[in-house]
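Comments concern the structure below.
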Amino acid sequence: MPVIAVAGRKLNYEWTGEGAEALVFLHEGLGSIPQWRDFPAQVARATGRRALVYERYGYGQSEVLAEDRVGPDFMHREALESLPALLRELRVDNPVLVGHSDGASIALIHAGAGHPVQAVVAIAPHVFVEEISVRSIADAARAFETTDLPRRLGKYHRDPRKTFYLWNDAWLDPAFRNWNIEASLAGIRCPLLAIQGEEDQYGTLAQVEAIKAQAGGPCELLKLPGCGHSPHKDRPERVIRAIVDFVAGLG
């Protein structure tokens, strides 16, 4: 798998599919390239575009986090510093960003700051902190210490403990309770598709409804009953169809 140096850090990435126009996939808070499964390849094939999938600093087989903590502004730093640098290095212009969970929030911040983005697909995005999110992330910490979660994460991440706690500590930091990216939404002028499972254990429909109400450009919502935090895994055919239709409408 190819590796690229971004801001002095080595990041894993791969391309799938063909086409002049690019989709860029941004993984969740404990995600990696293999954890997307074949979803990027399916979307690339169905849309006739190529897809870039990469692992952020501290995740997957990318460089292990050197710092002890990332801080509550970690998504802003990723959206405003690391992602633009990566796209420049790989010569990706005006992509469609497809983000899941934290990756969706990063995509929203990036687009809202005025970076050239053709469109955004935000799957289970966070735009503010809800009590349900904090409870579920605290539950995840207990599971990490009492179940085989470290072993399962070890299949995907070079240092599963460090990866887990860079995400978990940031979200459970008391300073993170005030984290809110609603101010970024008005700056998103490109088309936006926000997808949320109605049974998402990490956030309620208030997240996508806030996006719809405040986005600066056209916004479509897809709410999926009986679906949790990973709609692209729980309802892959429905999600892929929605993305294909959305991308086809971009012209």
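Label sites at A248 and R189, each approximated as a point 7 angstrom past Cα along Cα to Cβ, lie 2.8 nm apart.
In the chain, the DSSP-assigned H stretches of four residues or longer account for a calculated mean residue ellipticity at 222 nm of -10500 deg cm²/dmol, using -39500 (n - 2.57) per stretch and the full residue count as denominator. The shape of the chain comes out rounded: with a ≥ b ≥ c from the C-alpha gyration tensor, a/c is under 1.5.
Pick from G187, G103, G217 the residue whose mean-square fluctuation is largest in a GNM of the chain, springs joining Cα atoms under 10 Å. In the Gaussian network model the winner is G217.
In the chain, what percentage of the DSSP-assigned beta bridges are antiparallel, given to the nearest 5?
30
If you take the Cα centroid of the range 69-83 and the Cα centroid of the range 138-188, the two points sit 13 Å apart. Modelled spin labels at E130 and K212, positioned 7 Å past Cα toward Cβ, are 1.4 nm from each other. Dipole magnitude for the chain: computed about the Cα centre from +1 point charges on Lys and Arg Cβ and -1 point charges on Asp and Glu Cβ, it is near 500 debye. Our coupling estimate for the range 96-111, obtained by passing each phi through the Karplus curve with A = 6.51, B = -1.76, C = 1.60 and θ = phi - 60°, is 8, 8, 10, x, 10, 6, 4, x, 5, 5, 4, 4, 5, 4, 4, 5 Hz, Gly and Pro reported as x.
Accessible surface computed residue by residue for the chain, with neighbouring protein chains in place and a 1.4 Å probe, gives 42 Å² per residue. The alpha carbon centroids of the range 88-113 and the range 114-130 are separated by 8 Å. Listed values for the range 185-196 are Karplus-derived 3J(HN,Hα) couplings in whole Hz (6.51 cos²θ - 1.76 cosθ + 1.60, θ = phi - 60°), namely 5, 5, x, 7, 8, 7, x, 9, 10, 10, 10, 9, and x replaces Gly and Pro. The range 218-251 and the range 18-60 have Cα centres separated by 15 Å. If you put +1 on each Lys and Arg Cβ and -1 on each Asp and Glu Cβ, how big is the dipole of the range 103-214 around its Cα centre, in Debye rounded to 20? Around 460 debye, computed over the range 103-214.
Check each of the trypsin sites (Lys or Arg not before Pro) in the range 28-70 and keep only those in coil by DSSP with at most 14 other C-beta atoms within 10 angstrom; list them in order.
Filter output for the range 28-70: R37, R69.
The value of relative contact order for the range 183-251, using C-alpha pairs under 8 Å at least six residues apart, is 36 percent. Mean-square fluctuations from a GNM of the chain, with a 10 angstrom spring cutoff on Cα atoms, peak among V98, V208, V239 at V239.
Take each peptide in 84-95, 191-202, count the other Cβ atoms within 10 Å of every residue, and average; sorted highest first, the result is 191-202, 84-95.
The values are calculated or read from the model by the stated rules, or taken from the named source; none is laboratory data. No experiment lies behind these values; they were computed from the predicted model shown. Backbone-built Cβ (ideal geometry, glycine too); neighbour counts: all protein chains shown. Areas reflect the complete protein model, heavy atoms only, side chains present, ligands, DNA and RNA absent. Shrake-Rupley method; radii C 1.70, N 1.55, O 1.52, S 1.80 Å.
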